[in-house]
Amino acid sequence: LKEYLHLEAAGGPFNPEDMEKERQLQAYKEQNRVLSESIVELEKALAQLAQSESVLKSREERFRRMFERSREALLVHDAKGTILEANNVSLNLFECSRGELSGRSIFTLTSAGSRRQFNAQIKALQPDVTSRFESAFCKPDGSIIHLDIEASIIDKEKGIVKLKARDISGFVKTREQVQQNRLLSSLGEMMAGIAHEVNNPLGSILLYSELLLNCTD
């Protein structure tokens with residue numbers, strides 16, 4: 001009706017085809033406007049995505065630098081125990097290459113005597129809680145090293161665990177020697193006590209024996 005009145009006011013004859021063309025033109029302009037706005041929104045979203053990817057990449061690079069520069073051994077493994085990452089300190093600690101550690105099960109590195117306890121500690125981990133414990137591990141050459149471990153979950157959904165380890169083999173050896181010395185000292189004191197308890201009646205027996213011999217003479 002608006003197009004009809006417009007044409008009548010302009011003094012031209014009413015033509016249905018012209019009105020349809022005008023309607024299509026207006027619809028095309030509206031679609032073009034909506035499309036232009038959608039393109040602008042899409043460009044904004046892509047810019048935000050690129051910025052987010054840049055931030056994530058920057059954080060990942062910073063984490064990687066911190067991971068490699070750590071003075072302590074760092075190992076990252078998944079829920080099955082498969083080692084995903086290992087820093088240079090870990091490689092030096094176990095005296096092996098990155099390829100020898102990556103993809104290997106962390107549980108195969110633990111000594112037979114510590115495997116069950118280590119497995120129980122990992123299964124008992126809780127999000128946002130760091131668990132600290134000692135465990136014995138095996139090097140590829142079969143030698144045993146004792147590690148002080150701090151374990152924490154860094155990805156709850158995927159079950160990713162980070163281990164921070166320090167070699168305390170020297171401390172453990174010293175502690176075992178101290179415990180052994182204390183045990184030997186306790187045994188010595190016990191033996192001395194037993195000897196004292198035995199000597200008392202023996203002394204009495206010897207004294208009475210001498211008295212009996214004197215009386216006999």
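State whether the residues of region 116-126 include one that is under 12 Å from the mean Cα position of the chain (by Cα) and part of a strand (DSSP E or B). Among the residues of region 116-126, not one is under 12 Å from the mean Cα position of the chain (by Cα) and part of a strand (DSSP E or B), which makes the answer no. Are there any pairs with C-beta distances below 6 angstrom linking a residue in region 115-131 that is open to solvent by 70 Å² or more (accessible area, probe 1.4 Å) to a residue that is not aliphatic (A, V, I, L, M), with the two at least 6 apart or on different chains, and if so which? If the second residue must be not aliphatic (A, V, I, L, M), the pairs left are Thr130/Glu150; Thr130/Ser152.
Annotation note: Cβ proximity below 8 Å between a residue of region 158-170 that is touching a residue at least 40 places away in the same chain (Cβ under 8 Å) and on the phi > 0 side of the Ramachandran plot and a residue that is open to solvent by 20 Å² or more (accessible area, probe 1.4 Å) and assigned to a strand (DSSP E or B) (sequence gap 6+ or interchain) occurs for Gly159/Ile153. Considered as a group, the residues in region 43-87 that are basic (Lys, Arg) and part of a helix (DSSP H, G or I) include one that is modelled with the highest pLDDT, and that residue is Lys44. With respect to being at pLDDT below 90 and either within 30 Å of Ile144 (Cα to Cα) or open to solvent by less than 80 Å² (accessible area, probe 1.4 Å) (or both), Ser186 fits the description. Put simply, of Ala10, Ala27 the only residue that is hydrophobic (A, V, I, L, M, F, W, C), over 29 Å from Ile154 (Cα atoms), modelled with pLDDT of 75 or more and out of contact with any helix residue (DSSP H, G or I) (no Cβ under 8 Å at 6 or more places or on another chain) is Ala27. For region 93-114, a residue qualifies if it is part of a loop (DSSP other than H, G, I, E, B) and either farther than 16 Å from Ala165 by Cβ or over 17 Å from the mean Cα position of the chain (by Cα) (or both), and the qualifying residues are Glu95, Cys96, Ser97, Ser102, Gly103, Ser111, Ala112, Gly113, Ser114.
The values are calculated or read from the model by the stated rules, or taken from the named source; none is laboratory data. None of these values were measured; they are calculated from a predicted model. All Cβ positions, even for glycine, are placed from backbone atoms using ideal geometry, and neighbour counts span all protein chains on display. Accessible surface is based on the protein model in full, side chains and every heavy atom, while ligands, DNA and RNA are left aside. Shrake-Rupley method; radii C 1.70, N 1.55, O 1.52, S 1.80 Å.
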